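Just so it is clear, none of the values below were taken in a lab; they were calculated from the coordinates. This is a predicted model, so every value here is computed, not measured. Positions of Cβ are backbone-derived with ideal geometry, glycine not excepted, and every protein chain shown enters the neighbour counts.
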Amino acid sequence: MKAPVITLITDFGLSDEYVGVMKGVIASINPQATVIDITHHISPQNIIQAAFILWCSYQYFPKNTIHVVVVDPGVGSHRKIVAIKTNTYFFLSPDNGVLSFIIKKHDCSCVHVDRSEFFLSNISHTFHGRDIFSPVAAHLSNSMDIYNFGQSVLPEQLITIPQITPSFENNVITGMVIMNDRFGNIISNISLNHLNQTGIKPENASIHIGNHHISGIVSHYEQVRKGDLLAILGSKGFLEISINCGNACEALSVQSGCKIFVLKS
């Protein structure tokens, strides 16, 4: 049997001990597990960004990988913890909408995780990543059965983020900024599939964000001059607003949640 794979997505950063301690807990329970960091630089408490990063990442891992997402502004409250299984992967997270893309796109089996015998013995109010998520992920990697960890629930009983996907009206796509990457590219939730649904071809797209307008979606950066604004379908498969050899986030001053409109020119 191949060693199980556990991935981690958090907003913990790397300057503190949090991520290392989570890995230590996993290794103490299942030293055979391979733990892979997807990112620990989600903006603090940014559930939508975490959901998007998970959606863009999860399918590149081996079958039966356990994806753990700890972006948890409700830690210590009465919010629930959820484990779900699709045909190919497992997911473990707070029940706060971070699994919205997964739930919307896949058939899922779901449980609310409440079996405390799989937690550490002393549960803090502020670090469930160490005390609950890590030990549950490690035990799950040994058993591969989510029903060991809590009561079954229906997918529609889980919390989802309603605005996570674009809307369509009168052949106009209304999306939003999900995040900015380290290069200053502004990444939206609008994909090529969304363009196809409205019959908008990349070369005929008219993109509006804030007070800015871009005509057409290019296939590579050098189709425009250095310093010029452009729209491109990035490696994640979603529409990005960029500046060739520049920082679009700084130039446009847009934030996560800002609306983007795409229509046929």
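Data for the structure
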| read-out | value |
| --- | --- |
| Dipole magnitude of the chain about its Cα centre (Cβ charges: Lys, Arg +1; Asp, Glu -1), debye to nearest 20 | 420 debye |
| C-alpha long axis of helix 18-29 to longest principal axis of the chain, angle in ° | 40 degrees |
| 15 Å beta-carbon shell around THR34, net charge (K/R +1, D/E -1) | +2 |
| When the range 29-106 is reduced to its Cα atoms, the Kirkwood hydrodynamic radius in Å | 13.2 Å |
| Extension reserve of the ASP16-GLU250 stretch, reckoned as 0.36 nm per residue once the Cα distance is removed | 81.4 nm |
| Two-site label geometry, ASN211 and THR39: point separation in nm, points 7 Å out along Cα→Cβ | 2.9 nm |
| Crossing angle, helix 134-143 versus the chain [Cα axis fit, 0-90 degrees, rounded to tens] | 80 degrees |
| Quarter of the Cα convex hull surface for the range 64-131, i.e. its orientation-mean projected area (nm²) | 4.7 nm² |
| Summed side-chain charge close to LEU229 - residues other than LEU229 whose Cβ falls under 13 Å, Lys, Arg +1, Asp, Glu -1 | -1 |
| Computed FRET value (nearest 0.05) for GLU222 with ALA3, which takes r as the C-beta separation and R₀ as 41 Å | 0.45 |
| Computed FRET value (nearest 0.05) for GLN151 with GLN197, which takes r as the C-beta separation and R₀ as 22 Å | 0.05 |
| Protection proxy ranking of 129-137, 60-68, 113-121 - average other beta-carbon atoms within 10 Å, highest first | 129-137, 60-68, 113-121 |
| Calculated on alpha-carbon atoms, Rg and Dmax of the range 5-161 in Å | 13.8, 38 |
| The range 165-264, dipole about Cα centre (Lys/Arg Cβ +1, Asp/Glu Cβ -1), debye to the nearest 20 | 40 debye |
| Within straight-line cross-link reach of LYS85, lysines at Cα separation under 28 Å, skipping those fewer than 8 residues along the same chain | LYS2, LYS23, LYS63, LYS104, LYS105, LYS236 |
| Angle in degrees between helix 47-57 and the longest Cα principal axis of the chain, rounded to the nearest 10 | 90 degrees |
| Summed residue charge, Cβ within 13 Å of ASP107's Cβ, Lys/Arg positive, Asp/Glu negative | +2 |
| Ranked packing of 194-202, 50-58, most packed first, by mean Cβ within 10 Å | 50-58, 194-202 |
| Total charge dipole magnitude, the range 5-161, about the Cα centre, Cβ charges on Lys, Arg, Asp, Glu only, Debye to nearest 20 | 280 debye |
| Binned Cα-Cα distances of the chain, short to long, each 10 Å bin given as a whole percent | 7, 29, 30, 20, 12, 2, 0 |
| For HIS67, distant residues with modelled amide H under 5 Å away | THR7, PHE90, PHE91, LEU92 |
| Separation between Cα centres of the range 193-236 and the range 140-189, rounded to whole Å | 24 Å |
| Peptide ranges 87-98, 23-34, 170-181 listed from the most packed, as the mean C-beta count within 10 angstrom indicates | 87-98, 170-181, 23-34 |
| Which of HIS220, HIS41, HIS128 has the fewest Cβ neighbours within 10 Å, and the rest in rising order | HIS220, HIS41, HIS128 |
